[in-house]
Every structure is written in C-alpha cells, then in structure tokens.
Amino acid sequence: MSDALTQSLSLDQLLSQMVAAKQLSVPDAELLRRGRQSVAGEEDVLRWLAKEYGLAFTMLDDLEPDRELLSLFPARILLKEELLPLRRVNGTVQIATSRLFATQGLDALKTLTGLQLQPVLATGEVVQREIKRRLGVGADTIGTLDEEKTFQVVDEGEEQTDLDTGIEDEASIIRFVNQVLKDAIDLRASDLHLEPFEDEFRIRYRIDGDLQDIPVPAQLKRFQPAIVSRIKILSHLNIAEKRLPQDGAIKILVGDAEVDIRVSIIPMIHGEAVVMRLLRQNVTLRGMVQLDMAPREYQCFQRVLRLPHGIILVTGPTGSGKTSTLYTALGEINDTIRKIITVEDPVEYRLKGVNQIQVSEKSGLTFARGLRSILRHDPDVVLIGEIRDQETAQIAVQASLTGHLVFSTLHTNDAPTAFTRLVDMGVEPYLVASSVEAVLAQRLVRVLCEQCKQPDTSPAAQAFKAKVGIPADVTIYKSVGCRECRNTGFLGRHAIFEWLDTDTEIRKLVLQNASTDQLRDAARRGGMSTLAEDGWRLVRAGITTVEEVLSVTTAKEIERTTKTKTKGS
C-alpha cells in the first residue's frame, strides 16, 4: 500500500483495506476505530501494532539485510508473501513483513528451512522495494525456471536453434521480460540496457540521464539467449539472426499508459546486447511556462513563434530534450488556422491536430524526400526531426524562404556553432544568414530531491559562489540521497538554455564566414546568456547543484562566465 494511496484514504477505508490484506486483525481494527487514534497512514497503524504486540518496527533505512541469509529462502515465497529476511539474533531469524496476521508465508518458510522466525513490522511499500532491490527484478520468475527445469538453453555456437516455439510457449520468460519492462516504466526510465558479459547478464536503466544498475538474480546469465529471443519476437525481428544488428519496435500498454519502445540489438563477443528506448505516448506535454525559461529567453521564444517564416533551430547532444522543447513550441501555435506537418525519426509524441510523418529508410522515405512532398501539402509550419545532411538543410532553407516557419534540431555544442555547422554542410552563407531567425542550445540537469537536499556550506562551495557571481547570502544546495530518489539525491530533470537571436551583426558575420568565437562574442553583446550562466540561475534557485551544471557545460563556458562577472564588478 503506497504512501500516496494511504494519505488519500479515510481511517475507516485504510483499516478495512488492511484487514482485507491480513495486515490487521478485526479486533485491532475495531479498537483503532473506537479510539479514533491519530492515524495518518499505514506506517502509523503498523507502529501501533508493533507497540501492542511487543514487536520491532523498521523502515529498513539503516538495516542491511544479510545476503547469505536471503539465499536460504525461496525467492518465490518471499515475493508472493512480501517477506524479507533481515538478520539472525540469538538463533532466531528476523523477517520484515507488513502482514502480521497472514501467517501462511511464515509457516511455509519455517517448514522449508526449519528455522525459528520472528516478524518485524515494516510498511508494505518498504518491504516490496527492498525485496526487489535485494533479490533482483523477476527473481520469482527465474527461480521458477531453475526449480522446474522446463527450459534448456541451446548453445549459441550451434547453427540450428529451435528457440521460436520454445520461447513463445515459455510463460516464465514472457513474464520475466514483462516484469523488467514494467519496472523500467515505473521507475521513469528513458532507456533500458541489457548487456551480456562473460559471467553475467547486466540490466541497467537510464533514469534522469544517468545509467543505474538494476539488481537481477545471479542465475540470469543462463537464460540470456531466451530473454533476447523473446524481445526479438515482440519486436518482429528474426530470432535466427545473431550475427548482424537488428532494429525493431514494440508497442505496449501498462495500465492506461501507452508506451512505444524502440529496440536495437547488436551482437557482442559474449552474446547480443539490447537497448530499448521507452517513449510514453499519452504524457501531458508541458506548456511554455513549464519550461521555466529566464525572462529574456521566454520573451524571445514567444516572439519567434509569431513569425510568418524562417528557421528556428534547437541544438544540443542526444538526450538533451531538444524534441520535447520543439513539441512544446508546436503546442503553443497548434490551432485551426495553421497547418502543421512534421517529419520525424521516430515520431516520439503524437500531437492532436498535427500531421506527423514517420521516416522509413527501408521504404525510401527519407527526411529529404518527405520534406519535398509535404511542401506540396500547403503547410504553414514544418518540423524536421533533425537536419542530418546537406540535402535536408537545403530544403529546410528553401522552405523558410518560400514562406514557411521551420523548426528543426541540430547536433552542436552551443548556439553560435549552428551557423558554422550549416555552412560546413554546404549551405551558402547568404542563405543561412537570411533564413535562420534564432538558435536555442539546451542541456538537461538533474533536479535536487526536495526530501533530502541540504545547504552546501563547504569552503569550496563558498569559493565557487564568489567565482561565478552568486551572492554570498544566497543558499546553494548539495545532493544527499533518500528513499524517494533511490539514494541518488535527484528526482527529475530541468533544462538550461542559451538563446541566440539572429540580429544584423550576426547576419553580417555569417556572410563574412566569421568564426564561432566571433559569432559568440557578437551574440553576447546582443544579450545572450551562456548555458553555464543559465545553470547558475538554477543553482541560485536551489533547483540543482554546481556539480550538475559543471557536468553538462564546458570549461570554456565557465571561463567566459567568470570573465564576464569580473568585468561587471
């Protein structure tokens, strides 16, 4: 029972649910109802039970379960009955549970192990989380396969494999893959990595931009070919092909959430590695206000959205939120009087009222070919997923010059470099100068967890504040880590921006084939703030840390920021 759920229930509803789940006896529930004791949720009820029955209560924050002890108990029973062995105390094994009156699980463990067991009360959410962390995702499924011996791994070196029918009929492997996908979605992962090594099959999730190891059962390596084959079947790929890379897609429903999964499989020396990009389709796109731009950047963005024609570029590395920002922009101007068409690879979000085209290299529908076709469909606004080559760049420029507002992304490290990149692609400088109206560079920094962040009063932090111009009386924070943020210290991400308006001086410099440094200096004179400077804005607001900003900006940006502050003082 989650904290969010218990907080929304009345006392009577909470007690009724706990009685139904055998977490609470009927007499004790009646006693609590009559006394109307101060009960805010499941934790308070369990603390009261622990006191009444002379038991210990734990939140498992400072208790490290014994891994050797865990191995004595079947994972299937622990997961089903929500029981977590903690430690031995005077010959008795303490077991965390939220179900004091559901004794069948404890009885089964006593029978199987012959050990004396003593319950220790903990909330159901805590027990479930710790079981998953200690035993690994899908431990009950892998345990079943081990016990039943129903699956036999075929040697990867053999030419003939008969995995197709075997995997489709093997419910345990299907269930394990489903468990991993659901777990990744629940944890807000953007990517899921399955990586084969000599003695392990590692699973990692990319959460808030960082890869995190996910505990898995030790014996998972034995079922590596079966798991990969199951993913190939879901992705409509050739399970017999193990020597060449393959790309596919899966569409799944988890509750009411529709998730598109892009699958890439590449042969490695110890087997096939799988990476899955998770794209949630029915998420609510943020508005411009939710991007939380600085006032200048927000006003500039609103201005270019009202332009009749021109190119607006969003730049940054892969995974920096470029597409999400462009979708936010489209959402602002999506109305009945404009026709908006997009050409994307892949279509990451579906927008109502927007005509979206999925690029398909196999069928010959490239960015360039799609662009040529859609210009005959009388669009007012065109979004190009990415400008990758000269042909796409030329068509984008021509589209802007013939009265279309064009949005696109480009892979550059900062905003000024976008101009030189287009010229390097083969677009004439005079075309770049006349068509590009603005460039927005962005990065994503992790947001501090509100539950555990703490003021950073270290000498290094104070020195850095002085270096970048943060007032001495402004409190900046550091990450700590707690249960809410999976001990990372961060929860979610926030964008930092660098907005470059193409003014007269910038256009002249582009026509003269000026260097990126010259363009940057001109942009700074025109009011552009660097990515690092926008990052310090979030540090001052207590949203992120100095280390996070430093991790996504370059040394040159920090140096430029420092010089600017020095001149200003």
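The values are calculated or read from the model by the stated rules, or taken from the named source; none is laboratory data. Remember, it's a predicted structure, so these values are computed and weren't measured experimentally. Here the Cβ is made from the backbone with ideal geometry for all residues, glycine too, and neighbour counts use every protein chain on show. Note: areas computed on protein heavy atoms with side chains; ligands, DNA, RNA excluded. Shrake-Rupley method; radii C 1.70, N 1.55, O 1.52, S 1.80 Å.
Antiparallel as a % of all DSSP beta bridges within the chain, to the nearest 5?
Values: 51 of 81 bridges.
Of the beta bridges lying entirely in the chain, close to 65 percent run antiparallel.
Place the peptides 383-393, 86-96, 444-454 in order of packing, highest mean first, counting for every residue the other Cβ atoms within 10 Å and averaging per peptide. Walk me through the numbers on the way to the answer.
On the way: 383-393: 21.4, 86-96: 16.1, 444-454: 19.8.
Descending mean neighbour count gives 383-393, 444-454, 86-96.
Highest first, please rank the peptides 323-331, 494-502 by the mean number of other Cβ atoms sitting within 10 Å of their residues.
Packing order, densest peptide first, comes out as 494-502, 323-331.
Once the piece of chain linking LEU69 and GLN356 is laid out straight, how much longer is it, given 0.36 nm per residue of separation minus the C-alpha distance between them? The partial results should precede the final answer.
Working: separation 287, 0.36 × 287 = 103.32 nm, distance 5.50 nm.
Once the chain is fully extended between LEU69 and GLN356, it gains 97.8 nm.
Where does each of 261-267, 311-317 land if you order them by average Cβ count within 10 Å, highest first?
Numbers: 261-267: 17.3, 311-317: 23.9.
Descending mean neighbour count gives 311-317, 261-267.
Taking H as built 1.01 Å from N, whose amide H comes closer than 5 Å to the amide H of THR545, not counting residues under 5 places away?
Long-range HN contacts for THR545: none found.
Would you mind computing, in nm to one decimal, how far apart the modelled labels at ASP210 and LEU550 are, each placed 7 Å from Cα along Cα→Cβ?
With each label placed 7 Å out from Cα toward Cβ, I get 1.5 nm.
Solvent-accessible area of LEU511, probe 1.4 Å, all protein chains present, reported in Å² to the nearest ten, please.
Counting only protein heavy atoms, the figure is 100 Å².
With runs of 4+ DSSP H residues as the only contributors, calculate the mean residue ellipticity of the chain at 222 nm using -39,500 (n - 2.57) per run, divided by the residue total and rounded to the nearest 500.
Details: 24 runs with 232 residues, N = 569.
Value at 222 nm, helices only: -12000 deg cm²/dmol.
Just one of [x] 43, 25, 22; [y] 50, 32, 22; [z] 29, 29, 24 is semi-axes √(5λ) of the Cα gyration tensor in Å as worked out from the coordinates here. Which one is it?
Only one listed value fits the structure, namely [y].
When N is the residue count of region 368-475, what does its C-alpha Rg come to as a fraction of 2.2 N^0.38 Å? Could you put the intermediate results ahead of the total?
On the way: Rg = 21.1 Å, N = 108, 2.2 N^0.38 = 13.0 Å.
This ratio for region 368-475 stands at 1.62.
Please state, as a whole number in µm²/s, the translational diffusion coefficient that the Stokes-Einstein equation yields for region 58-126 at 37 °C and 0.692 mPa s, with Rh defined as the Kirkwood radius across alpha carbon pairs. Spell out each step's value before the answer.
On the way: Rh = 12.0 Å.
Result for D is 274 µm²/s.
Let's test the formula: R0 of 45 Å, r as the Cβ-Cβ distance of HIS309 and GLN462. What FRET efficiency results, to the nearest 0.05? Working shown, then result.
Values: r = 50 Å, r/R0 = 1.10.
Calculated transfer efficiency: 0.35.
Return the subset of LYS322/LYS352; LYS80/LYS478; LYS110/LYS182; LYS251/LYS322 for which the Cα-Cα distance in this structure is over 27 Å, preserving the input order. If you can, show how the numbers build up before the last one.
Values: LYS322/LYS352 20 Å; LYS80/LYS478 39 Å; LYS110/LYS182 32 Å; LYS251/LYS322 23 Å.
Flagged as over cut-off: LYS80/LYS478; LYS110/LYS182.
FRET efficiency for ARG243 and GLU52, Cβ-Cβ distance as r, R0 = 56 Å, nearest 0.05? Don't jump to the answer; show the numbers that get you there.
Working: r = 64 Å, r/R0 = 1.15.
Step by step, r from the Cβ atoms, then E = 0.30.
Gap in Å between the Cα centre of region 175-228 and the Cα centre of region 369-397?
Each part's Cα centre sits 38 Å from the other's.
Once you put a point 7 Å from the Cα of VAL26 and another 7 Å from the Cα of ASP335, both along the Cβ direction, what distance in nm separates them?
In this crude spin-label approximation the distance works out to 6.4 nm.
Which distance in nm do the two modelled labels at ARG540 and GLN390 give, with both placed 7 Å along the Cα-to-Cβ direction?
4.6 nm
Using the heavy atoms of the protein chains and a 1.4 angstrom probe, tell me the accessible area per residue for the chain in square angstrom.
Details: 26900 Å² over 569 residues.
Ligands and nucleic acids excluded, the figure is 47 Å² per residue.
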